[in-house]
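Derivation of every value follows stated rules applied to the coordinates shown; laboratory data play no part. This is a predicted model, so every value here is computed, not measured. Counting neighbours? That spans all protein chains shown, and the Cβs are built from the backbone with ideal geometry, glycine included.
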Amino acid sequence: MDAQHVAEVDGVVPSSGDASMAPEAGEVPPVAAALSGVVVPAHRPPAPSVPGEAGDEAQREADLSLSAGAAERIERALAVSSRTAYAKHWRGFARWCWLTGRTPMPATAQTLATYLDHLSRTPTGRGTPIAPGTLSNVLGALQAVHKAAGQVADVRLARSVLKDYRRERAAAGHRTRKSLPITTDVLRTLVEATLDAVAAPDTAPPDARRITPLRALHTQVTLVLGLALAARSSEIADLDIADVAFPAPGRMIVTIGSSKTDQEGRGSDQSIQHGAHVETCPVRLTQAWVDTLAAHGITDGPLIRGLDRHGRLAGTPGYAGRLPADGVPRITNNALNALVRTAVARANATAVARGRTAPLADPGQWSWHGVRAGLATSGGEANLPPTTIAERGRWKSLIMVMQYWRDGAAWRRQIEAEIGL
């Protein structure tokens with residue numbers, strides 16, 4: 001295929017080369033990179049010329065090479081989700097560079113800034129402007145790929161482009177979408193509607209239709225344990241049955257093997273105590289769930305797993321749901337988001353069917369992240385120290401904790417009543 005017939009980007013086509021040079025998604029990197037599927041050209045600086053010395057170039061080649069084992073460890077140092085995201089963003093950038101005649105590695109500051117400007121002016125697949133947060137993720141991915149290849153990316157100009165684009169989107173009325181926090185009060189509403197659905201009448205609306213006790217317990221323990229741990233979706237999915245221990249009545253120790261802020265997998269033991277209410281007690285519910293899994297012949301492997309529409313658990317015969325690529329029956333991020341939104345829709349439909357106003361916002365405004373944010377927000381309402389919340393939620397920085405904490409504390413302060421409004 002001739003280069004002139006390649007789809008143009010911003011009206012620019014490569015000045016040289018042919019379509020066979022376009023980066024392929026599955027191409028093996030010439031230089032071992034820390035990311036699966038990332039193409040990093042083998043650019044090496046020339047060996048210093050020292051008169052009278054032979055074999056300097058060969059020595060330089062040897063010094064810059066990585067063993068297969070080292071390359072494998074470097075790749076595994078990043079979480080799978082990070083490698084996947086970085087590879088996706090890099091492939092888009094590498095192809096744009098090929099089409100525009102630019103060098104992707106090492107990329108100049110001007111190339112990075114121009115690429116971000118190009119993305120900011122290109123509608124997404126849904127026909128909407130790209131979100132500033134997505135541009136920030138793209139830039140971070142390109143930095144990470146450069147770092148993995150031993151290069152430094154100058155992102156100062158690109159950050160200026162991003163800063164101006166944020167202002168532009170804000171002036172157009174764009175606001176950053178935030179998942180609503182699932183506070184303790186919201187959790188109780190969700191759990192109550194879930195338990196009521198076990199005995200729902202045949203005339204119940206579709207979103208409040210009858211569910212099995214197994215599905216109710218599955219929803220209940222996932223939400224309650226997730227809130228108690230302030231668990232990221234990856235953390236709740238990675239929990240195994242062996243990660244949960246009950247050292248004494250009313251006490252539970254949950255071991256978080258690895259997380260976003262613990263890439264080396266040192267682990268974190270979270271001490272959980274029984275709750276004041278049976279229906280939202282993480283200890284009682286988790287023990288009941290472990291016993292339920294055992295009754296289905298499951299005594300090891302993932303603690304929180306998928307549940308198909310027929311009520312069959314992932315890992316049991318006949319399971320009709322989709323499994324991850326590795327075949328391990330862990331619950332997926334999409335399934336966790338769907339579980340939250342289904343619970344919200346059920347709570348609203350149950351209330352409306354009983355002649356009450358829907359207590360919660362539209363289900364589309366909720367996601368699993370709201371479960372994690374809910375602990376920090378509820379902690380602010382209860383006036384818990386931010387450091388205590390950060391320790392439970394494994395936040396390294398208090399900056400994000402304080403955002404959620406202030407939201408909760410604002411409801412506790414009652415400023416309007418105190419000033420006599």
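The table below gives the values:
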{"quantity": "R0 of 45 Å, Cβ-Cβ distance Ala248-Lys147: FRET efficiency to nearest 0.05", "calculated": "0.45"}
{"quantity": "Theoretical gain in end-to-end length, Ser65 to Ala353 [0.36 nm per residue, Cα-Cα removed]", "calculated": "96.9 nm"}
{"quantity": "Intensity falloff of the stretch 184-415 expressed as log10 I(q)/I(0), Debye formula with alpha-carbon point scatterers, at q = 0.08, 0.12, 0.18 Å⁻¹", "calculated": "-0.29, -0.68, -1.50"}
{"quantity": "Spin-label model distance (nm) - Glu72 vs Arg209, 7 Å beyond Cα toward Cβ", "calculated": "4.8 nm"}
{"quantity": "Residue-span extension gain [Thr124 to Lys178] - 0.36 nm each, minus C-alpha spacing", "calculated": "17.5 nm"}
{"quantity": "Estimated dipole of the stretch 148-267 in Debye, rounded to 20 [Cβ of Lys and Arg +1, of Asp and Glu -1, Cα centre]", "calculated": "680 debye"}
{"quantity": "For the stretch 274-335: span of alpha carbons on each principal axis (Å, largest first)", "calculated": "39, 25, 21"}
{"quantity": "The stretch 184-415 - percent relative contact order, Cα under 8 Å, separation 6 or more", "calculated": "21 percent"}
{"quantity": "Cβ crowding within 10 Å averaged over residues, with 299-305, 198-204, 309-315 ranked highest first", "calculated": "299-305, 309-315, 198-204"}
{"quantity": "Sequence of His296, His218, His118 once ranked by neighbouring C-beta atoms within 10 Å, starting from the fewest", "calculated": "His296, His118, His218"}
{"quantity": "Computed label-point distance, nm, for sites Asp202 and Lys163 using a 7 Å Cα→Cβ extension", "calculated": "6.7 nm"}
{"quantity": "Table column - 3J(HN,Hα) (Hz), the stretch 374-384, Karplus curve with 6.51, -1.76, 1.60, x for Gly and Pro", "calculated": "x, 5, 5, 5, 5, x, x, 5, 8, 6, 6"}
